[in-house]
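The values are calculated or read from the model by the stated rules, or taken from the named source; none is laboratory data. Computed from a prediction, not measured in an experiment: that's the story for all the values here. Note: ideal-geometry Cβ built from the backbone for every residue, glycine included; neighbour counts use all protein chains shown. We work out accessible area using only protein heavy atoms, side chains counted, and drop any ligands, DNA or RNA first. Shrake-Rupley method; radii C 1.70, N 1.55, O 1.52, S 1.80 Å.
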Amino acid sequence: MITHRLSGKMMQIKNNPEVAIAGEWFTAHGAGIDMGYFEAEENAEIAKKLRLAFEEWIDNGHNDFNDKNTIILCIRLTDGTLFSNGKRYDIEF
């Protein structure tokens, strides 16, 4: 995901990288990893993928890609639960 390095979320992840994500049918745990500046050369490939995936809104003014604190946050999943058609699937990544 794209976020700001000085956000409260990133300050918490810096102190404790254990994170969780959730949606209507999926929950998971993992480790939050600051991948660095969005426009950094080493992030060119993933930045291109993110621009394509979020092309409808990525340049709506919400993100300042000139700000070196605009970063890519990777969440490396460790385990999760998927609910589908009344069944539960526990997943280890």
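Considering region 15-42, the residues that are within 14 Å of the chain's Cα centre (by Cα) and charged (D, E, K, R) include one that is surrounded by the fewest Cβ atoms within 10 Å (Cβ to Cβ), namely GLU18. The condition of being open to solvent by less than 50 Å² (accessible area, probe 1.4 Å), under 15 Å from MET10 (Cβ atoms), in contact with a strand residue (DSSP E or B) (Cβ under 8 Å, 6 or more places away or on another chain) and of a type in the set (Val, Ile, Thr) holds for only one of ILE58, ILE72, that being ILE72.
Output the residues belonging to region 75-93 that are among the acidic types (Asp, Glu) and open to solvent by 50 Å² or more (accessible area, probe 1.4 Å).
ASP90, GLU92
Here ASN66 meets the list (1) surrounded by 11 or more Cβ atoms within 10 Å (Cβ to Cβ); (2) at pLDDT 95 or above; (3) part of a loop (DSSP other than H, G, I, E, B) almost entirely, failing just condition (1).
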